[in-house]
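Visitor: Sharing a structure with you now.
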Amino acid sequence: MQRTSTYSKIREVLNAASLHKGNVAKLADSIKGNSDAFVYFKRDRDGVVKEHPCNEASIRRKIRFCIRLGLLDSEENCTLTGEGKNAQMKGRFDLQLQTAVNSFLEKNAVPMSKIESAINKLVLPHTSALFQYLKPAISEDLFRTCLFLLSECGEEEGQNILKSFEKKLYLTDAKIRRARKAMEKSL
Amino acid sequence: MNKLDISVPILGPEDANDDDNLSNYFVLFGDFQDLNKKSRFAVVGAKGTGKSAIKKHLSTTRKSSKLPVIEFDESLGFSLSALKTQSPAEIKNKMKGYLKTIILQYIVASSDLTKGQKNKVEKLLGDTPLYQRLLQGATIKAGIIDYALSGLFPKNKRGQLARLLDPGVNGLIMDLLGDKDLWVFIDDIDTIFTSDDNNASLKFVEGLIYAVSDLSVRELKKKVWIVLLLRSEIYEELTRLATEMDKETAYFWEVAWDDESLKKCLSERVRWVIGAEERLPDWKYWAVLFDTKNKASTVDLQSYLLERLMNGPRDLILLTELARRVAYAGKAQRIAIRDLEESEYEYGKAKLRQINSNFQRIYPDIDKVIDRLFRRKKQVYSREELETEINKDLLTNPTARQDFSHLSWVRMSTPFLFVDILYRAGIVGYFAPSEHRYIYVLQRSNPDKTLLKSTRYKIHSALSAYLELEAVQTKKKSTAKTKKK
């Protein structure tokens, strides 16, 4: 997992929030410059690629996403919710994040059952195709992030809900089974 | 009043199909009258809610009045692969053709057609292979199936199908029926029309519903009323996956039972067994079977027993039968409440197994999940507490997730969705303040949409003994205070 991925950033936001009391701005301030995840890489004039800290606005965006996921309380009080605390427990981060994303999608009228049937229906179920087909009440970027998290969370234990193919296509177990069957038939 | 002999089963078989005496004690309930008036064509309910009893009662009543009725069974079934399509639209057309074939065969075989009617049949279908089969009459049921498989479903026989879909055939059917109407019952769809592929079965049921709706409501103007009896778990899958299904749901009866109908269900059976002519209040018949002293204690026992029913009449028969065996083994004359209590563990175990078998298609191993989640825990939760419990002990618990890693329905669930699944499976109910009681899927097929986080949920009492749930705390303190006042 890339240390600058959304997955890693959320992990760092929760780590920081577990030691924090205050609003979004204060939490962002405490993260800025002290994080391995909130950094970007830029080639300087001397040609050397160097690591720079992300600005506060991009940190605040990720904190707000954690609030929308129900892992942090609110803009004014960026402390961990029950679910956020649960995510901090040993071995639970991936599963809690997965459940939080799943619930977030459900609240935005795209429950997994709809995503699953769209994946099974579309020939090439990449993010844009899924977005156009499902028309969720969230931006395409946010939708992309959610699908990414669902494919990453629990991947090591085979507990991830979506399986990404070349990081662009999303598949379900059912779709993979059907594709295998079709291949076997054609052989 | 006569006494009951409790050495033998009293309330009849659990399965209505095996019950030849059903019409003697059938209880009208729910939307039955709407079904009878042809305002419903699909009856949806879990196993044991009385679907087959509804079919059997209507069918027996019609047969005894010499009114036309067709009951689909395995002899009219086929493998879904024979349809050569999985498109609901194509399934709809092919099934319309097939149903019309069966209807025509039934009418031609069972009535004495006039010469004019025979001429009409010949004029419309005389040059088709179907006509020859129709002439063979009712004895050749297999011939009709053979015709459907070879003459109606293959892609190169579209002409045959088109002939049957012609509106003229609708007119012919209505004309042949004269002033009578024909009822067709299709129960146990998945054992009549078989397939190994769940997805194919689901698409078939979807297509079949569209076909039945078109034929019964629009094309045959209710002269032929085709009734589908659907298991609720299939319906649940359909509503999730079939986009056009909402247009048909006005014709669906989602079976639900109220306490009064259930009480009547038992009292009618007892009344019939003891041969009582007179119609006494329900509790008096209950007191013949159960060891109670007066009306108040009978009402208490009724509440106790009804609180433990998840699916309706079949549970009533099952629990009473288990308690009867205990009572008889103890040489009692009637069933006491302690006999019911003693039967509860076995009953709860049977119920959880039944839930698992009912929901095996969509929520496999739900019994193991429930056992893991609730054993030796509380029986009553607030919605928030219940969702937290589900989140912590199942969805984000690494060991539980590992143990249930093969269950995609668990992996894809959320706490909110899981509560909904628990409700639909009959495992939990919610407290309705206006009614001062817990409502389960048996009483209301769809839960109230305005449920709050503080709404109380209760695990069904049918499972409390088997899952060793912590007993609900009664408000003894407040009662004591009231007494002091």
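A short reminder: the numbers here are calculations on the coordinates, not readings from a lab. It should be emphasised that the depicted structure is a prediction, and the values quoted were computed from it without experimental measurement. In this analysis, Cβ positions are derived from the backbone assuming ideal geometry, glycine residues included, and neighbour counts consider all displayed protein chains.
Visitor: Taking every Cα atom in chain B, find the radius of gyration and the maximum pairwise distance Dmax, and write them in Å.
Guide: 25.6, 91
Visitor: Also, quick follow-up: Determine, at each q value in 0.19, 0.25, 0.27 (inverse angstroms), the log₁₀ of I(q)/I(0) that the Debye formula gives when each Cα of region A:6-88 is one equal point scatterer.
Guide: -0.72, -1.15, -1.32
Visitor: Using only alpha carbon pairs under 8 Å that are at least six residues apart, calculate the relative contact order of chain B and give it in whole percent.
Guide: 19
Visitor: Can you give me the relative contact order of chain A as a percent, contacts being Cα pairs under 8 Å and 6 or more apart?
Guide: 16
Visitor: Something else: Using the scaling law 2.2 N^0.38 Å as the reference, what is the normalised Cα Rg of chain A?
Guide: Numbers: Rg = 18.3 Å, N = 187, 2.2 N^0.38 = 16.1 Å.
Working it through for chain A, the quotient is 1.14.
Visitor: Using every pair of alpha-carbon atoms in region B:72-121, split the distances into 10 Å bins beginning at 0 and state the percent of pairs per bin, rounded to integers.
Guide: The percentages, shortest bin first, are 21, 41, 25, 13, 0.
Visitor: Local charge sum around B:ARG163 (other residues, Cβ-Cβ under 14 Å, Lys/Arg +1, Asp/Glu -1)?
Guide: Charge balance in the 14 Å sphere: +4.
Visitor: What does the convex hull of the alpha-carbon atoms of region B:277-410 project to on average, in nm²? Working shown, then result.
Guide: Values: hull surface 44.4 nm².
For the Cα atoms of region B:277-410, the hull's average projected area reads 11.1 nm².
Visitor: While we're here: Straight distance only, please: which lysines reach the Cα of A:LYS42 with their own Cα at less than 18 Å, same-chain residues fewer than 8 apart left out?
Guide: List returned: A:LYS32, A:LYS50.
Visitor: For region B:31-254, what's the relative contact order in percent, using C-alpha pairs closer than 8 Å and at least 6 residues apart?
Guide: 38
Visitor: So what's the net charge close to A:ASP36: Lys and Arg +1, Asp and Glu -1, counting the other residues with Cβ under 13 Å from its Cβ?
Guide: Net charge around A:ASP36: +2.
Visitor: When Lys and Arg each count +1 and Asp and Glu each count -1, what net charge do the other residues less than 15 Å away from B:LEU230, Cβ to Cβ, add up to?
Guide: Residues close to B:LEU230 contribute a combined charge of -1.
Visitor: Continuing with the same structure: Using a cut-off of 17 Å between alpha-carbon atoms, which lysines can reach B:LYS263, once sequence neighbours fewer than 8 places away in the same chain are excluded?
Guide: B:LYS284, B:LYS295
Visitor: Could I ask something else about it? Over the alpha-carbon set of region B:366-463, divide Rg by the Kirkwood Rh and report the Rg/Rh ratio to two decimals.
Guide: Numbers: Rg = 13.2 Å, Rh = 13.8 Å.
Rg/Rh: 0.96.
Visitor: Kindly provide the pair-distance distribution of the protein assembly as shown built from C-alpha pairs, with 10 Å bins from 0 and whole-percent values in order of increasing distance.
Guide: 3, 13, 19, 20, 18, 14, 8, 4, 1, 0, 0
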